[in-house]
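Quick notes on the structure that follows.
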Amino acid sequence: MAQGSRKRKLMGDINVVPYIDVMLVLLIIFMVTAPLLMQGVKVDLPKAAAEPLDPELLKNSNPLVLSIDKAGKLYLNVGSHPETALDVETVGARTAAALRRKPDLPVLVKADRTIAYGQLIDAMVILQKAGARKVGFVTDPPPEPARRT
């Protein structure tokens, strides 16, 4: 009879172990997917003190980015494999198709600083023939000058 009359004590603490498990799973998912979200080709951009792009311009859509690596290979961030080099005809066709779907799509060129000026002009001609009216250039900000103490 002593056991039946004994009351169970209520526990006032919250069990946080399930929350920690979920948090760790989410952390692992983000750690795995974050490198996959980094798009584009490794390009050594020129340094320039240019104004940043207007966020309003990029708000509605991702821009069309034509990348040119130091070997002069062309890459476009449109298609199933943006890390695969493309020939001139494919770049022109994909750019034209993207601009037909969305004529106000921002077009950017991300060129390695060591390529010849003629290669950059050739890329600009491809974009112009595909229907791009305005083209922007992607640069890195210049290094901050060292402060004297």
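Each reported figure results from applying straightforward, stated rules to the coordinates on display, with no laboratory input. Because the structure is a prediction, the values reported are computed rather than measured. Positions of Cβ are backbone-derived with ideal geometry, glycine not excepted, and every protein chain shown enters the neighbour counts.
Please go through the residue pairs LYS73/LYS102; LYS73/LYS110; LYS70/LYS110 and name each one whose alpha carbons sit more than 20 Å apart in this structure. Over 20 Å apart, Cα to Cα: LYS73/LYS102. Near GLY136, the amide H atoms lying under 5 Å from its own belong to VAL107, LEU108, VAL109; only residues 5 or more places off or on other chains count, and H is placed 1.01 Å from N.
How do the peptides 74-83, 7-16 rank, highest first, by the average count of neighbouring beta carbon atoms within 10 Å per residue? Don't jump to the answer; show the numbers that get you there.
Details: 74-83: 15.3, 7-16: 6.2.
Answer by packing, highest mean first, reads 74-83, 7-16.
Once you have a ≥ b ≥ c as the square roots of the Cα gyration tensor eigenvalues for segment 68-149, tell me rounded if a/c is under 1.5, and otherwise prolate or oblate according to whether a/b is larger than b/c. Because a/c hits 1.5 or more and a/b exceeds b/c, segment 68-149 counts as prolate.
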